[in-house]
Amino acid sequence: MLPDVSTKQARARFYGSSTWRQLRQSILERDHFECQWCKAEGRVTMDAILEVDHIQELKDHPELALDPDNLRTLCKDCHNRRHDRMNYRGEPKKRKWDDEWW
C-alpha cells in the first residue's frame, strides 16, 4: 500500500510515522551518518544537521517513498541546495543597506 503524500498534511503524517522514523534511522546508519554529497566531494561534515533525501521526489514517485535505494543522507546545506532553497550557505549574504560592508 502506498503512503498518502498528496497534501502537505499527508506528508507531515508520513514523516511523523514510526515506519518513516525507523527507516530514516536505518538510512543514517547505512550511510555512516555522513552527507553523501560532501563525502563524494572529499569533505567531512561534522556537527551538521543530517536529513534523509528522496532521490526521486516523493510527490512524483510515492511508490518509492520507503525504498532504501531511493534514499540518501544529506546535510541540511546540501539538501537545501538540492531543492534550490534560498537559505543554504552557498548563497552570498545580501546587504540590507547600500552602505553596509564587512
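Kindly establish whether residue 82 is touching a helix residue (DSSP H, G or I) at 6+ places or on another chain (Cβ under 9 Å) and modelled with pLDDT under 90.
yes
Would you be able to tell me the number of residues in the stretch 1-49 that are in contact with a Lys or Arg (Cβ under 6 Å, 6 or more places away or on another chain), open to solvent by less than 70 Å² (accessible area, probe 1.4 Å) and not in a helix (DSSP H, G or I)?
1
List pairs: first residue in the stretch 20-41 and basic (Lys, Arg), second residue open to solvent by less than 90 Å² (accessible area, probe 1.4 Å) anywhere in the structure, Cβ distance under 7 angstrom, at least six positions apart or on different chains.
From the stretch 20-41, the pairs are 24/52.
Taking the stretch 60-76 only, how many residues are of a type in the set (D, E, K, R), in a helix (DSSP H, G or I) and touching a residue at least 40 places away in the same chain (Cβ under 8 Å)?
Qualifying residue count for the region: 1.
Please find, within the stretch 50-59, the residue that is farthest from residue 73 (Cα to Cα) out of those that are among the charged types (D, E, K, R) and in a loop (DSSP other than H, G, I, E, B).
59
The values are calculated or read from the model by the stated rules, or taken from the named source; none is laboratory data. Note that the coordinates shown come from a computational prediction; the quantities given were computed from them, not determined experimentally. Because the Cβ atoms are built from the backbone with ideal geometry, glycine has one as well, and the counts that use them run over all protein chains shown. Surface accessibility is based on the protein's heavy atoms, side chains included, excluding ligands, DNA and RNA. Shrake-Rupley method; radii C 1.70, N 1.55, O 1.52, S 1.80 Å.
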